[in-house]
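Notes follow the structure.
Read-outs throughout are calculated quantities, based only on the coordinates presented, and are distinct from any laboratory measurement. Owing to the predicted nature of the structure, the values given are computational and were not obtained by experimental measurement. Cβ coordinates were reconstructed from backbone atoms using ideal geometry, including for glycine residues, and neighbour counts include every protein chain displayed.
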Amino acid sequence: MAEATSGQPAARPLPPGLDLLWGRRERGKRGPRPGLSTEAIVSAAIQLADAEGLEALSMARVAAKLGFTPMSLYRYVASKEELLQLMWDGSAVGAESLVIEGDGWRERLRSWAVFQRDMIDLHSWITQMAMAVPPMGPNSLHFVELGLATMDDTPLPDPDKLRFLGLIASYTLSEARMAADARRAAEAAREAQAAQGVHEAEYTGDTGLGADAGTGPPEDYEALLRELVDEPTYPRLYRLAWGPPPASQPTEREQFLLGLDTILDGVQALIDRAAR
C-alpha cells in the first residue's frame with residue numbers, strides 16, 4: 001500500500017475483487033502458471049455462463065474448460081464471488097472505445113441505454129446476479145462516463161445526471177431480468193413437456209410467452225383474470241380481462257423502448273424546468 005507523500009493521502013484499501021480489477025493487489029508468492037491468467041479465467045467463465053447460465057458456473061467447471069486444476073485458478077481469483085465481479089466488469093470490455101452518437105442529449109442517452117440492454121441480453125447471466133452496489137470496475141465506470149457525456153449539453157447538475165443514469169440502468173436491468181426469467185420459464189415448460197413425451201411440434205402450452213418472452217400480458221394471465229375477478233370487486237381488471245383484445249401486441253423490445261422514452265420525457269421536463 002502506498003504511503004502518504006507530499007500531502008497526498010495513502011491509497012484507500014479496496015474491497016476484494018475491486019483491488020484486483022484496479023491492479024492494487026500484490027501477487028502471491030506462488031508463481032503464475034504458464035498459459036493461465038486472470039483475463040483467460042474471466043473469458044472462460046463468461047463463455048461458460050453465456051452458454052449454460054450462471055447456475056452452471058463453478059471454479060471447477062472454469063478450470064476444466066481451461067485445462068487446469070481448480071487450485072490453479074485460486075492463484076489469480078480468490079473466490080467464485082470475486083470471479084463474478086470480474087465477469088461483470090468483463091462484460092463491459094471495450095466501453096472505453098465505444099462511441100455514442102446522436103443529435104442531442106436525448107438521442108445519445110437513448111442509444112446508451114439501448115446499448116446497455118443489448119449487452120445484458122447478450123450476457124443474460126447478468127440478470128441472475130445479485131447487485132447490492134453499482135459495479136465499480138474500470139470498464140463499468142468507463143460506461144458510466146459515456147452516459148454522463150451524453151448530457152454534456154444540458155443544464156442539469158452532475159449529481160442529477162448520475163441519478164438519471166442510475167434510474168435508466170435500474171429500469172434496463174429490471175426489464176432485461178423479467179424477459180430473461182420469462183425465457184427461462186418457457187424453456188423449462190418445454191423441457192417438462194418433452195420429459196412427459198409430448199412432441200415439440202405438438203407443444204402449445206408456452207404460458208403465453210412464445211418466442212418473444214415478456215411480450216405484453218400473456219394470454220394465460222388474461223384467462224386467469226377471467227376466472228378470478230368479478231366486475232363489482234375489480235371493475236378495471238374485469239374490463240381488461242373481458243374487453244376486446246388489442247389489434248396487435250407490442251413486442252418486448254417495443255415495450256422496453258416505450259418505458260425508456262417515458263423516462264426520457266421526464267428528464268426533458270426537468271431540463272426545461274432548469275432552463276426556466
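Worth pointing out:
- Going by neighbour counts of Cβ atoms within 10 Å, the residues Val62, Val77 line up, fewest first, as Val77, Val62.
- Cβ-Cβ distance of Asp153 and Leu258, R₀ of 25 Å, FRET efficiency by 1/(1 + (r/R0)^6): the value works out to about 0.50.
- When the Cα gyration tensor is reduced to axis lengths a ≥ b ≥ c, the ratio a/c is 1.5 or higher for the stretch 18-90, and with a/b not above b/c it is classed as oblate.
- Sorting Trp242, Trp112, Trp22 from the fewest to the most surrounding beta carbons within 10 angstrom yields Trp242, Trp22, Trp112.
- A prolate overall shape is assigned to the stretch 13-171, the ratio a/c of its alpha-carbon gyration tensor axes (a ≥ b ≥ c) being 1.5 or greater and a/b exceeding b/c.
- Taking other C-beta atoms within 10 Å as the exposure proxy, Ser79, Ser43 rank Ser79, Ser43 from fewest upward.
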